[in-house]
Each structure stands twice: as structure tokens, then as C-alpha cells.
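The values are calculated or read from the model by the stated rules, or taken from the named source; none is laboratory data. Quick caveat: nothing in here was measured; it's all calculated off a predicted structure. Glycine also receives a Cβ, built like all others from the backbone with ideal geometry; neighbour counts cover every protein chain displayed.
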């Protein structure tokens, strides 16, 4: 009984943390989308990202979301959902745009990877980071090509037209967007809140820890030396711990730079599966809904980790 109450208490605490971290960002994303629509400036912003949307045959609104993804992926995807429910983009375009929106988060890895991996591992830290970014580029290119094949071409963004009515001021646009924002948020948060509570319960019940333990054991299937297993185990706890351990093994000569890079990539592959289930899964499902969120998550995992798996075995063979 006591253990059950502890799990429930921990679940409520974690769910509150997840909601406080996610809900405000989603609110901002939907509000920005509504304000841009009210101000009629989406076409101007879309011109900046036009090469992306033009090649992918995506509506111009998706370009605005892509640019926002460099600041906040959650807000960017909330914007896509808002556009979808307004009929501005279709289901297929929503999925392709959401997958493209994942690229900025890969690029922004520099914020925490470079300050840790480069000082500790030197050139091999740079190689590791470059490979991850390269995979992100390749994944995005595949998704963009799929969009180009699946969807008809789009016309260039129109030059802003003079409206017959008076243009809204920013204050008036904010006021006009509050009603549509509240309507969109009722729909999104109605799915998001219970989803995050369920994810928090699974985390506190130890489900994801069991998955992590299983995947840690699966590391023996990859072309890495026995010393590399300790790095993978450390990566499940902290990327800093993994980098520190890898640095010590490299300095001691127990592992070569080649083996360090491959081991870190294997660690990234295995830990990413748990990360997708634990955090990104809740993020996708919470914003896009259970069915579509799961679909987007599985496609993203298949592309990202499929490419990473290929790179791991190519490096083991050719390097």
C-alpha cells in the first residue's frame, strides 16, 4: 500500500513538472500562430524558409513553423497542429513538416555536446558531433524528398497585398487571436494532460528503466570492444558521465579514437530508444494526439536510428 502511494505521489509530482515544462511552450506556439494569421504576415515570414517548403512541396505556413523550431520545437509543432485543424495543411503535410521540424533540435545539440565532448575527446568529439549532424541532414533530406514526391508543387509566397480593411495593430491582433487560441488549446490540452500523466506513471513504475536495462544488454551485439560496454552503461545515466569515461579510456590507451566514436554512436542509438519512449513519445502524442503522434514518432525513430545503425556498421567496416 505504501509503495503504491509513493508511486502515485511521485507520478503526480513528475506529471506536474512535465506539464509546467510543456504547456506554457505549447500555449505560446498556438498564440504566435494565431497572431501571425491575424496580422496577415505569414507569407512574409515564409519567404525566408521558402527553399525548404518549395523543395518539399509544403504549404508556406510550414516554413514559419520550421523557423520557430530553432527556438522551440514544441511551440513549432503546436503551430502545425493549429494549422492542421484550421484546414491550412493536410494530414500528410502535417507529418512531413513535423519530421522536418526535428532537424533544428539535432543541430542545436552543439549547446551541450560541444562544451563537453570536444574538450574531453578533442578531434574525436568533433567527429562524433559531425556524424550526428550529418545523420540529421540526411534524415531531413529523405523526408523533404518524400514530400516532393507525394505532394504537388506550391507557388512562391505572394507579395503582401493591401487589404481593403484597416490593418490590425499588434495589440488588436493579440486580442483577436485570444478566442481562436483558447479553442485550439482546449482540443490540444484535452489530449496532452492525460497523456503526460500516463507517461509519468510509466516512468515512476519503472517500465522505462526495464527497457533501458534490456537495451544495455543488447549492446553486446554491436562491433565494440568490451571496454565500451561501460561507456554505454554510463550513457544511460548521463552523457557527461559517458564522455568522461570515454576520455579516461582514450587517454589511458585502453580504447582507440575509432572505437570511442563507434561506441558513443552505439550508446546514442540505444539510449535514444528509451528517450523517444520516455520523453519524445509523450511530446509527440501530447501535441499531435495518440494515433498521429505515435505515427510521427515511429517514423522519426525508424529514420534516425536506421541511418545511425547503417553508419555504425559502415564505420566499423571501413575505418
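Yes/no per residue for (1) in contact with a helix residue (DSSP H, G or I) (Cβ under 8 Å, 6 or more places away or on another chain); (2) surrounded by fewer than 20 Cβ atoms within 10 Å (Cβ to Cβ); (3) at pLDDT below 75:
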{"position": "196", "(1), (2), (3)": "yes, no, yes"}
{"position": "201", "(1), (2), (3)": "yes, yes, no"}
{"position": "210", "(1), (2), (3)": "no, yes, yes"}
{"position": "215", "(1), (2), (3)": "yes, yes, yes"}
{"position": "221", "(1), (2), (3)": "no, yes, yes"}
{"position": "225", "(1), (2), (3)": "yes, yes, no"}
{"position": "235", "(1), (2), (3)": "yes, no, no"}
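Among the criteria (1) within 18 Å of residue 146 (Cβ to Cβ); (2) surrounded by fewer than 24 Cβ atoms within 10 Å (Cβ to Cβ), the one residue 96 does not fulfil is (2).
Restricting attention to region 171-186, the residues that are loosely packed, with under 15 Cβ neighbours inside 10 Å and in contact with a helix residue (DSSP H, G or I) (Cβ under 7 Å, 6 or more places away or on another chain) add up to 0.
Quick grid of which residues meet (1) in contact (Cβ under 8 Å) with a residue 60 or more places away in the chain; (2) closer than 20 Å to residue 268 by Cα; (3) in contact with a helix residue (DSSP H, G or I) (Cβ under 6 Å, 6 or more places away or on another chain):
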residue	(1), (2), (3)
65	no, no, yes
96	no, no, yes
106	no, yes, yes
115	no, yes, no
137	no, yes, no
142	yes, no, no
151	yes, no, no
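To keep it simple, each residue is scored yes or no on (1) at pLDDT 75 or above; (2) surrounded by fewer than 20 Cβ atoms within 10 Å (Cβ to Cβ); (3) under 22 Å from residue 149 (Cα atoms).
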| position | (1), (2), (3) |
| --- | --- |
| 8 | yes, yes, no |
| 16 | yes, yes, no |
| 20 | yes, yes, no |
| 27 | yes, yes, no |
| 34 | yes, no, no |
| 58 | yes, no, yes |
| 61 | yes, no, yes |
| 65 | yes, no, yes |
| 74 | yes, no, no |
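Kindly establish whether residue 282 is in contact with a helix residue (DSSP H, G or I) (Cβ under 9 Å, 6 or more places away or on another chain), closer than 27 Å to residue 185 by Cα and modelled with pLDDT of 85 or more. No, not satisfied. In region 295-309, is there at least one residue being farther than 19 Å from residue 142 by Cα and crowded, with 19+ Cβ neighbours inside 10 Å? There is no residue in region 295-309 that is farther than 19 Å from residue 142 by Cα and crowded, with 19+ Cβ neighbours inside 10 Å.
When the test is whether a residue is more than 13 Å from the chain's Cα centre (by Cα) and either over 15 Å from residue 99 (Cα atoms) or touching a residue at least 24 places away in the same chain (Cβ under 8 Å) (or both), residue 260 passes it.
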